[in-house]
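Notes for the one structure printed next.
The values are calculated or read from the model by the stated rules, or taken from the named source; none is laboratory data. These numbers were taken from a predicted model, which means no experiment stands behind them. Every residue, glycine as well, gets a Cβ built from its backbone with ideal geometry; the counts of neighbours run over all protein chains shown. Surface accessibility is based on the protein's heavy atoms, side chains included, excluding ligands, DNA and RNA. Shrake-Rupley method; radii C 1.70, N 1.55, O 1.52, S 1.80 Å.
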Amino acid sequence: MIAPARRAAIDALAVIDAGDLDMGSAIAKARAALADERDRALLLDIVTGTLRMQAALDYQLSLRVKRPLAKLDAAVLRVLRMSAFQLLYSSRLPASAVINDAVELTRRSGKSSAAGLTNAVLRSLARDRESLQWPSPENPGEYLSIVHSHPRWLVDRWIDRFGAAATESWLTFNNAPAAMCLAVNRHLVTRESLAKELADAGVKTQPTARARHGLVVVEGKPLGTAAFTEGRFIIQDEASQLIGEFAAPATGATALDLCASPGGKTLAISAAVGAAGTVIASDVRPQRVRLLARTIARCRVPNATVVHVPAEGALPFAPASFDLVLIDAPCSGLGTVRRDPDIRWRRSADDLPRFAAAQSALLSRAADLVKPGGQLLYSTCSSEPEENENVVEGFLSSRADFALERSHQTLPFRDHLEAFFGAVLLRTSAGTSVGTLAGTSSERL
(Lines give C-alpha, C1' and ligand atoms only; values in the text may rest on other atoms or scores of the structure.)
Protein backbone atom coordinates (compact mmCIF):
# COMPACT_ATOMS: atom_id res chain seq x y z
CA MET A 1 0.00 0.00 0.00
CA ILE A 2 1.38 3.40 -1.02
CA ALA A 3 1.97 5.79 1.88
CA PRO A 4 -0.81 8.43 1.92
CA ALA A 5 1.65 11.35 1.92
CA ARG A 6 3.47 10.05 -1.17
CA ARG A 7 0.23 9.41 -3.00
CA ALA A 8 -0.97 12.94 -2.19
CA ALA A 9 2.42 14.41 -3.14
CA ILE A 10 2.54 12.82 -6.59
CA ASP A 11 -1.01 14.02 -7.27
CA ALA A 12 -0.08 17.57 -6.21
CA LEU A 13 3.03 17.55 -8.39
CA ALA A 14 0.97 16.35 -11.37
CA VAL A 15 -1.47 19.25 -10.95
CA ILE A 16 1.41 21.72 -10.66
CA ASP A 17 3.17 20.30 -13.73
CA ALA A 18 -0.05 20.59 -15.72
CA GLY A 19 -0.37 24.25 -14.75
CA ASP A 20 -3.81 23.73 -13.24
CA LEU A 21 -2.87 25.07 -9.79
CA ASP A 22 0.08 26.88 -8.28
CA MET A 23 2.16 25.14 -5.65
CA GLY A 24 0.35 26.56 -2.63
CA SER A 25 -3.10 25.74 -3.97
CA ALA A 26 -2.07 22.24 -5.05
CA ILE A 27 -0.64 21.45 -1.62
CA ALA A 28 -3.74 22.85 0.13
CA LYS A 29 -5.98 20.66 -2.02
CA ALA A 30 -3.90 17.54 -1.37
CA ARG A 31 -3.73 18.26 2.38
CA ALA A 32 -7.50 18.05 2.65
CA ALA A 33 -7.38 14.28 2.04
CA LEU A 34 -4.83 13.69 4.84
CA ALA A 35 -6.04 13.48 8.43
CA ASP A 36 -2.66 12.85 10.09
CA GLU A 37 -0.51 15.94 10.69
CA ARG A 38 2.61 13.87 10.10
CA ASP A 39 1.37 12.98 6.62
CA ARG A 40 0.56 16.63 5.95
CA ALA A 41 4.06 17.65 6.99
CA LEU A 42 5.62 14.96 4.79
CA LEU A 43 3.45 16.05 1.85
CA LEU A 44 4.70 19.61 2.19
CA ASP A 45 8.32 18.49 2.51
CA ILE A 46 8.15 16.21 -0.54
CA VAL A 47 6.39 18.65 -2.88
CA THR A 48 8.42 21.73 -2.00
CA GLY A 49 11.67 19.77 -1.87
CA THR A 50 11.12 18.06 -5.21
CA LEU A 51 10.44 21.39 -6.89
CA ARG A 52 13.29 23.13 -5.07
CA MET A 53 15.96 20.55 -5.90
CA GLN A 54 14.78 19.63 -9.40
CA ALA A 55 18.03 20.49 -11.20
CA ALA A 56 20.15 18.47 -8.77
CA LEU A 57 17.72 15.56 -8.96
CA ASP A 58 17.71 15.62 -12.77
CA TYR A 59 21.50 15.67 -12.84
CA GLN A 60 21.75 12.54 -10.70
CA LEU A 61 18.93 10.79 -12.57
CA SER A 62 20.54 11.58 -15.93
CA LEU A 63 23.67 9.69 -14.84
CA ARG A 64 21.56 6.58 -14.31
CA VAL A 65 19.00 6.71 -17.14
CA LYS A 66 20.34 5.73 -20.56
CA ARG A 67 18.00 7.96 -22.54
CA PRO A 68 17.53 11.77 -22.14
CA LEU A 69 15.15 12.57 -19.30
CA ALA A 70 13.01 14.58 -21.72
CA LYS A 71 12.25 11.31 -23.52
CA LEU A 72 10.74 9.73 -20.41
CA ASP A 73 7.01 9.78 -19.87
CA ALA A 74 6.13 12.80 -17.71
CA ALA A 75 4.45 10.66 -15.06
CA VAL A 76 7.50 8.38 -14.77
CA LEU A 77 9.90 11.31 -14.50
CA ARG A 78 7.70 12.84 -11.82
CA VAL A 79 7.89 9.64 -9.74
CA LEU A 80 11.66 9.45 -10.21
CA ARG A 81 12.19 13.07 -9.16
CA MET A 82 9.95 12.79 -6.13
CA SER A 83 11.55 9.55 -4.99
CA ALA A 84 15.09 10.78 -5.69
CA PHE A 85 14.42 13.79 -3.46
CA GLN A 86 13.41 11.51 -0.60
CA LEU A 87 16.48 9.30 -1.06
CA LEU A 88 18.97 12.16 -1.27
CA TYR A 89 17.53 14.84 1.00
CA SER A 90 15.28 13.03 3.51
CA SER A 91 17.62 10.52 5.11
CA ARG A 92 15.14 9.68 7.88
CA LEU A 93 12.95 7.86 5.33
CA PRO A 94 13.81 4.17 4.71
CA ALA A 95 15.12 3.69 1.16
CA SER A 96 13.19 0.46 0.72
CA ALA A 97 9.87 2.13 1.49
CA VAL A 98 10.61 5.00 -0.88
CA ILE A 99 11.57 2.65 -3.74
CA ASN A 100 8.68 0.25 -3.22
CA ASP A 101 6.18 3.11 -3.23
CA ALA A 102 7.84 4.56 -6.34
CA VAL A 103 7.35 1.31 -8.21
CA GLU A 104 3.70 1.19 -7.17
CA LEU A 105 3.19 4.87 -8.10
CA THR A 106 4.65 4.13 -11.54
CA ARG A 107 2.13 1.33 -11.99
CA ARG A 108 -0.66 3.52 -10.61
CA SER A 109 0.09 6.11 -13.30
CA GLY A 110 -0.62 3.48 -15.97
CA LYS A 111 3.07 3.00 -16.84
CA SER A 112 3.62 -0.55 -15.56
CA SER A 113 6.18 -1.16 -18.29
CA ALA A 114 8.43 1.45 -16.66
CA ALA A 115 8.25 -0.10 -13.17
CA GLY A 116 11.52 -1.97 -13.73
CA LEU A 117 13.27 1.23 -14.82
CA THR A 118 12.01 3.04 -11.74
CA ASN A 119 13.23 0.25 -9.46
CA ALA A 120 16.68 -0.01 -11.08
CA VAL A 121 17.38 3.73 -11.21
CA LEU A 122 16.34 4.38 -7.63
CA ARG A 123 18.25 1.39 -6.25
CA SER A 124 21.36 2.65 -8.03
CA LEU A 125 20.84 6.09 -6.54
CA ALA A 126 20.32 4.67 -3.06
CA ARG A 127 23.58 2.69 -3.30
CA ASP A 128 25.55 5.75 -4.44
CA ARG A 129 24.06 8.47 -2.26
CA GLU A 130 27.14 8.71 -0.02
CA SER A 131 29.47 9.17 -3.02
CA LEU A 132 27.56 11.26 -5.55
CA GLN A 133 29.33 12.87 -8.51
CA TRP A 134 28.71 16.57 -9.26
CA PRO A 135 30.02 19.07 -11.82
CA SER A 136 33.43 20.58 -11.10
CA PRO A 137 33.49 23.76 -8.94
CA GLU A 138 36.01 25.14 -11.44
CA ASN A 139 33.00 26.10 -13.55
CA PRO A 140 31.03 28.00 -10.88
CA GLY A 141 27.98 28.70 -13.06
CA GLU A 142 27.38 25.04 -13.85
CA TYR A 143 28.40 23.80 -10.42
CA LEU A 144 26.21 26.22 -8.44
CA SER A 145 23.20 25.89 -10.72
CA ILE A 146 23.23 22.07 -10.40
CA VAL A 147 24.28 21.53 -6.79
CA HIS A 148 22.04 24.31 -5.47
CA SER A 149 19.34 23.68 -8.10
CA HIS A 150 18.70 27.08 -9.67
CA PRO A 151 18.32 27.94 -13.37
CA ARG A 152 21.66 28.62 -15.00
CA TRP A 153 20.57 31.95 -16.49
CA LEU A 154 19.74 33.29 -13.02
CA VAL A 155 22.90 31.97 -11.40
CA ASP A 156 25.05 33.54 -14.13
CA ARG A 157 23.30 36.88 -13.60
CA TRP A 158 23.96 36.85 -9.87
CA ILE A 159 27.58 35.79 -10.31
CA ASP A 160 28.11 38.68 -12.75
CA ARG A 161 26.63 41.18 -10.28
CA PHE A 162 27.77 39.86 -6.91
CA GLY A 163 30.44 37.20 -7.42
CA ALA A 164 30.41 33.44 -6.90
CA ALA A 165 30.71 33.46 -3.09
CA ALA A 166 27.79 35.83 -2.55
CA THR A 167 25.75 33.92 -5.12
CA GLU A 168 26.36 30.61 -3.36
CA SER A 169 25.25 32.18 -0.09
CA TRP A 170 22.10 33.44 -1.82
CA LEU A 171 21.35 30.01 -3.28
CA THR A 172 21.86 28.38 0.11
CA PHE A 173 19.42 30.89 1.62
CA ASN A 174 16.84 30.11 -1.07
CA ASN A 175 17.03 26.37 -0.35
CA ALA A 176 16.68 26.68 3.42
CA PRO A 177 13.27 26.35 5.12
CA ALA A 178 11.57 29.69 5.64
CA ALA A 179 10.29 30.57 9.09
CA MET A 180 6.74 31.81 9.52
CA CYS A 181 6.63 35.57 10.17
CA LEU A 182 3.74 37.41 11.78
CA ALA A 183 2.89 41.09 11.32
CA VAL A 184 1.27 42.62 14.39
CA ASN A 185 -2.06 44.39 13.95
CA ARG A 186 -1.19 47.62 15.72
CA HIS A 187 -4.83 48.68 15.73
CA LEU A 188 -5.45 45.99 18.36
CA VAL A 189 -2.18 44.97 20.09
CA THR A 190 1.50 45.68 20.52
CA ARG A 191 4.26 43.28 19.54
CA GLU A 192 5.01 42.57 23.19
CA SER A 193 1.40 41.86 24.17
CA LEU A 194 0.88 39.61 21.15
CA ALA A 195 4.05 37.65 21.93
CA LYS A 196 2.80 37.07 25.48
CA GLU A 197 -0.66 36.01 24.31
CA LEU A 198 0.84 33.55 21.84
CA ALA A 199 3.23 32.19 24.46
CA ASP A 200 0.27 31.54 26.77
CA ALA A 201 -1.30 29.59 23.88
CA GLY A 202 1.83 27.47 23.39
CA VAL A 203 3.34 29.43 20.49
CA LYS A 204 6.94 30.56 21.02
CA THR A 205 8.09 33.61 19.04
CA GLN A 206 10.93 36.06 18.82
CA PRO A 207 11.02 39.62 17.44
CA THR A 208 11.95 40.04 13.80
CA ALA A 209 15.49 41.34 13.35
CA ARG A 210 14.63 44.31 11.12
CA ALA A 211 10.87 44.82 10.95
CA ARG A 212 9.71 46.85 13.93
CA HIS A 213 6.35 45.16 14.39
CA GLY A 214 6.98 41.54 13.42
CA LEU A 215 7.43 38.20 15.15
CA VAL A 216 9.15 35.03 13.96
CA VAL A 217 7.49 31.77 14.98
CA VAL A 218 9.98 29.49 16.72
CA GLU A 219 7.58 26.78 17.87
CA GLY A 220 3.85 26.12 17.81
CA LYS A 221 0.90 26.72 15.49
CA PRO A 222 -0.24 30.35 15.58
CA LEU A 223 -3.01 29.90 13.02
CA GLY A 224 -4.93 27.80 15.53
CA THR A 225 -5.05 30.56 18.14
CA ALA A 226 -7.72 33.10 19.02
CA ALA A 227 -5.15 35.81 18.24
CA PHE A 228 -5.33 34.81 14.58
CA THR A 229 -9.07 34.29 14.25
CA GLU A 230 -9.70 37.59 16.03
CA GLY A 231 -7.34 39.50 13.74
CA ARG A 232 -4.50 40.43 16.02
CA PHE A 233 -1.90 39.41 13.44
CA ILE A 234 -1.48 38.34 9.84
CA ILE A 235 1.11 36.18 8.12
CA GLN A 236 3.62 38.40 6.31
CA ASP A 237 7.26 37.92 5.39
CA GLU A 238 9.69 40.23 7.18
CA ALA A 239 11.04 41.80 3.98
CA SER A 240 7.48 42.59 2.92
CA GLN A 241 6.82 44.19 6.31
CA LEU A 242 9.77 46.50 5.69
CA ILE A 243 8.09 47.92 2.57
CA GLY A 244 5.17 49.11 4.69
CA GLU A 245 7.61 50.76 7.08
CA PHE A 246 9.58 52.29 4.21
CA ALA A 247 6.56 54.37 3.20
CA ALA A 248 6.43 56.15 6.59
CA PRO A 249 3.22 58.15 5.88
CA ALA A 250 2.36 60.98 8.22
CA THR A 251 -0.41 60.73 10.80
CA GLY A 252 -3.66 61.79 9.19
CA ALA A 253 -2.47 61.13 5.63
CA THR A 254 -4.68 59.83 2.83
CA ALA A 255 -3.17 56.75 1.17
CA LEU A 256 -3.93 54.44 -1.74
CA ASP A 257 -2.61 50.87 -1.71
CA LEU A 258 -3.16 50.08 -5.38
CA CYS A 259 -2.17 46.37 -5.53
CA ALA A 260 -3.16 45.64 -1.96
CA SER A 261 -4.17 41.99 -1.65
CA PRO A 262 -3.76 40.10 0.63
CA GLY A 263 -3.58 43.24 2.80
CA GLY A 264 -0.34 43.23 4.79
CA LYS A 265 0.88 46.59 3.58
CA THR A 266 -2.60 48.07 3.92
CA LEU A 267 -2.60 47.03 7.58
CA ALA A 268 0.80 48.67 8.16
CA ILE A 269 -0.12 51.92 6.40
CA SER A 270 -3.51 52.17 8.09
CA ALA A 271 -1.84 51.88 11.50
CA ALA A 272 0.72 54.52 10.54
CA VAL A 273 -1.82 57.13 9.35
CA GLY A 274 -3.99 56.55 12.42
CA ALA A 275 -7.63 57.25 13.07
CA ALA A 276 -7.40 60.66 11.39
CA GLY A 277 -6.06 59.09 8.18
CA THR A 278 -7.70 57.12 5.39
CA VAL A 279 -6.52 54.16 3.30
CA ILE A 280 -8.10 52.97 0.06
CA ALA A 281 -7.09 49.36 -0.59
CA SER A 282 -7.66 48.12 -4.13
CA ASP A 283 -6.92 45.25 -6.46
CA VAL A 284 -7.84 44.05 -9.93
CA ARG A 285 -8.89 40.41 -9.74
CA PRO A 286 -12.20 39.72 -7.96
CA GLN A 287 -10.79 36.82 -5.95
CA ARG A 288 -7.92 39.00 -4.74
CA VAL A 289 -10.39 41.72 -3.76
CA ARG A 290 -12.40 39.17 -1.76
CA LEU A 291 -9.23 38.00 0.02
CA LEU A 292 -8.31 41.60 0.76
CA ALA A 293 -11.78 42.34 2.15
CA ARG A 294 -11.60 39.28 4.41
CA THR A 295 -8.24 40.43 5.82
CA ILE A 296 -9.51 43.94 6.49
CA ALA A 297 -12.67 42.60 8.15
CA ARG A 298 -10.84 40.00 10.29
CA CYS A 299 -8.33 42.59 11.46
CA ARG A 300 -11.08 45.14 12.13
CA VAL A 301 -9.20 47.91 10.34
CA PRO A 302 -11.19 51.07 11.10
CA ASN A 303 -9.85 53.45 8.46
CA ALA A 304 -9.55 51.33 5.29
CA THR A 305 -11.99 50.91 2.40
CA VAL A 306 -11.72 48.16 -0.22
CA VAL A 307 -12.25 49.15 -3.87
CA HIS A 308 -12.20 46.93 -6.97
CA VAL A 309 -10.32 48.75 -9.75
CA PRO A 310 -10.25 47.96 -13.49
CA ALA A 311 -7.22 46.30 -15.02
CA GLU A 312 -6.89 49.03 -17.64
CA GLY A 313 -8.00 52.58 -18.23
CA ALA A 314 -8.49 55.42 -15.78
CA LEU A 315 -8.48 54.67 -12.08
CA PRO A 316 -11.65 55.71 -10.20
CA PHE A 317 -9.97 58.37 -8.09
CA ALA A 318 -9.56 62.11 -8.46
CA PRO A 319 -6.17 63.48 -9.56
CA ALA A 320 -3.86 64.68 -6.79
CA SER A 321 -6.07 63.13 -4.07
CA PHE A 322 -3.53 61.05 -2.10
CA ASP A 323 -0.57 61.90 0.12
CA LEU A 324 0.80 58.41 -0.55
CA VAL A 325 0.24 55.95 -3.37
CA LEU A 326 1.78 52.50 -2.88
CA ILE A 327 2.32 50.31 -5.93
CA ASP A 328 3.47 46.85 -4.88
CA ALA A 329 3.73 45.90 -8.54
CA PRO A 330 3.07 42.46 -10.00
CA CYS A 331 6.51 41.07 -10.81
CA SER A 332 8.57 37.97 -11.53
CA GLY A 333 8.69 37.06 -7.83
CA LEU A 334 12.35 36.10 -8.14
CA GLY A 335 13.05 37.61 -4.74
CA THR A 336 10.77 35.05 -3.06
CA VAL A 337 12.31 31.83 -4.40
CA ARG A 338 12.84 30.55 -0.85
CA ARG A 339 9.09 30.63 -0.11
CA ASP A 340 7.95 29.77 -3.64
CA PRO A 341 10.56 27.33 -4.98
CA ASP A 342 8.68 26.60 -8.21
CA ILE A 343 9.07 30.22 -9.35
CA ARG A 344 12.68 29.54 -10.32
CA TRP A 345 11.50 27.10 -13.01
CA ARG A 346 8.53 29.18 -14.18
CA ARG A 347 10.55 32.29 -15.03
CA SER A 348 13.07 33.07 -17.74
CA ALA A 349 15.14 36.10 -18.67
CA ASP A 350 12.62 36.78 -21.45
CA ASP A 351 9.92 37.43 -18.84
CA LEU A 352 11.69 40.44 -17.35
CA PRO A 353 11.00 42.96 -20.16
CA ARG A 354 7.33 41.94 -20.14
CA PHE A 355 7.02 42.55 -16.41
CA ALA A 356 8.95 45.81 -16.67
CA ALA A 357 6.63 47.13 -19.37
CA ALA A 358 3.56 46.37 -17.23
CA GLN A 359 5.19 47.93 -14.17
CA SER A 360 6.07 51.09 -16.06
CA ALA A 361 2.52 51.37 -17.36
CA LEU A 362 1.16 50.97 -13.83
CA LEU A 363 3.44 53.70 -12.49
CA SER A 364 2.36 56.08 -15.23
CA ARG A 365 -1.29 55.21 -14.66
CA ALA A 366 -1.16 56.02 -10.95
CA ALA A 367 1.29 58.93 -10.81
CA ASP A 368 -1.26 61.73 -11.25
CA LEU A 369 -3.15 60.53 -8.17
CA VAL A 370 -0.30 61.78 -5.94
CA LYS A 371 -0.63 65.26 -4.46
CA PRO A 372 2.22 67.74 -4.99
CA GLY A 373 4.47 67.12 -2.01
CA GLY A 374 3.13 63.56 -1.73
CA GLN A 375 4.91 60.26 -2.22
CA LEU A 376 4.71 57.42 -4.72
CA LEU A 377 6.16 54.20 -3.29
CA TYR A 378 7.09 51.62 -5.90
CA SER A 379 7.99 48.14 -4.68
CA THR A 380 8.51 44.61 -5.98
CA CYS A 381 9.53 41.21 -4.64
CA SER A 382 12.03 40.90 -7.49
CA SER A 383 15.81 40.75 -7.31
CA GLU A 384 16.36 41.93 -10.88
CA PRO A 385 17.23 45.52 -11.91
CA GLU A 386 15.04 45.38 -15.03
CA GLU A 387 12.01 45.38 -12.73
CA ASN A 388 13.45 47.71 -10.10
CA GLU A 389 16.04 50.42 -10.73
CA ASN A 390 15.46 50.43 -14.48
CA VAL A 391 11.71 50.91 -14.12
CA VAL A 392 12.20 53.77 -11.68
CA GLU A 393 14.82 55.42 -13.89
CA GLY A 394 12.53 55.17 -16.90
CA PHE A 395 9.65 56.71 -14.98
CA LEU A 396 11.76 59.58 -13.65
CA SER A 397 13.10 60.33 -17.11
CA SER A 398 9.53 60.93 -18.30
CA ARG A 399 8.17 62.80 -15.26
CA ALA A 400 9.98 65.97 -14.28
CA ASP A 401 7.48 66.47 -11.44
CA PHE A 402 8.83 63.45 -9.54
CA ALA A 403 12.20 62.95 -7.87
CA LEU A 404 13.75 60.00 -6.12
CA GLU A 405 13.72 60.43 -2.35
CA ARG A 406 15.20 57.07 -1.30
CA SER A 407 15.46 53.47 -2.44
CA HIS A 408 16.77 50.13 -1.26
CA GLN A 409 17.05 46.48 -2.26
CA THR A 410 17.26 43.76 0.37
CA LEU A 411 19.64 40.97 -0.62
CA PRO A 412 19.53 37.47 0.91
CA PHE A 413 23.31 36.98 1.11
CA ARG A 414 23.71 40.29 2.95
CA ASP A 415 20.46 40.83 4.86
CA HIS A 416 19.26 37.24 5.34
CA LEU A 417 15.88 38.33 4.00
CA GLU A 418 14.03 37.78 0.74
CA ALA A 419 14.96 40.17 -2.08
CA PHE A 420 12.50 43.08 -2.00
CA PHE A 421 12.93 46.46 -3.67
CA GLY A 422 11.42 49.78 -2.67
CA ALA A 423 11.73 53.33 -4.03
CA VAL A 424 10.01 56.40 -2.63
CA LEU A 425 9.36 59.05 -5.29
CA LEU A 426 8.41 62.56 -4.22
CA ARG A 427 6.02 64.55 -6.35
CA THR A 428 7.38 68.08 -6.48
CA SER A 429 5.22 71.13 -7.05
CA ALA A 430 7.74 72.94 -9.24
CA GLY A 431 9.19 70.16 -11.43
CA THR A 432 12.59 70.01 -9.77
CA SER A 433 15.50 68.22 -11.40
CA VAL A 434 15.06 64.50 -11.68
CA GLY A 435 16.99 62.28 -9.26
CA THR A 436 18.67 59.04 -10.31
CA LEU A 437 19.27 55.87 -8.37
CA ALA A 438 22.99 56.30 -8.85
CA GLY A 439 23.09 59.91 -7.73
CA THR A 440 20.78 60.00 -4.69
CA SER A 441 21.14 58.64 -1.22
CA SER A 442 19.90 55.13 -0.52
CA GLU A 443 18.32 54.08 2.74
CA ARG A 444 18.26 50.59 4.17
CA LEU A 445 14.85 48.94 4.35
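I need the shape label for region 1-69. Rule: rounded when a/c is under 1.5, else prolate if a/b > b/c, else oblate, with a, b, c from the alpha carbon gyration tensor. Prolate is the answer for region 1-69, as a/c is 1.5 or above and a/b outweighs b/c.
You can think of it this way: the chain between SER321 and ALA276 has 14.6 nm of extra reach, that is 0.36 nm per residue less the Cα-Cα gap.
Treating r as the C-beta distance of ALA164 and VAL216 and R0 as 30 Å, the FRET efficiency rounds to 0.50.
The gain in end-to-end length when the ALA361 to LEU63 segment is fully stretched comes to 102.6 nm, 0.36 nm per residue minus the alpha carbon separation.
Of the residues SER364, LEU122, ALA164, the one whose Cα sits farthest towards the positive end of the charge dipole of the chain is LEU122 (charges of +1 on Lys and Arg Cβ, -1 on Asp and Glu Cβ, taken about the Cα centre). Of all accessible surface on the chain at a 1.4 Å probe, what whole percent is carbon and sulfur? Here it works out to 53 percent. Projected onto their three principal axes, the Cα atoms of region 1-140 cover extents of 44, 36, 30 Å, largest first. Given LYS66/LYS111; LYS29/LYS71; LYS29/LYS111; LYS196/LYS221; LYS265/LYS371, which pairs have Cα atoms separated by over 22 Å? Too far apart for the 22 Å limit: LYS29/LYS71; LYS29/LYS111. Surface calculation, 1.4 Å probe, protein heavy atoms: LYS71 sits at approximately 150 Å² accessible. One chain, two ends: ALA14 and THR305. Fully extended at 0.36 nm per residue, the span grows by 100.8 nm beyond their Cα-Cα distance. Net charge in the neighbourhood of LEU88 (other residues with Cβ under 11 Å of its Cβ; Lys, Arg +1, Asp, Glu -1) is 0. Its alpha carbons considered, the chain gives a radius of gyration followed by a Dmax of 23.8, 75 Å. What number in nm² do you get for region 45-115 if you take the convex hull of its Cα atoms and divide its surface by four? Averaged projected area of region 45-115's Cα convex hull equals 4.5 nm².
The distance between label points at THR190 and LEU223 comes to 3.0 nm (points 7 Å beyond Cα on the Cα→Cβ vector). Distance from the alpha carbon centroid of region 307-382 to that of region 276-300 works out to 17 angstrom. If one computes the Cα centroid of region 1-60 and of region 147-173, what distance in Å separates the two points? Centre-to-centre distance over Cα atoms comes out at 26 Å. Taking the Cβ of LEU291 as the centre, find all other residues whose Cβ is under 10 Å away and add up their charges (Lys, Arg: +1; Asp, Glu: -1). Charge balance in the 10 Å sphere: +3. Taking amide H atoms as placed 1.01 Å from N in the peptide plane, the amide H of ARG406 lies under 5 Å from those of VAL424, each 5 or more residues away in sequence or on another chain. Extending 7 Å from the Cα toward the beta-carbon at both TRP153 and GLN133 defines two label points whose distance is 2.9 nm. Basic side chains Lys and Arg get +1 at the Cβ, acidic Asp and Glu get -1 at the Cβ, and with that the dipole of the chain about its Cα centre reaches some 1180 debye.
Calculated accessible area for the chain comes out at 43 Å² per residue, all protein chains present (probe 1.4 Å; ligands, DNA, RNA ignored).
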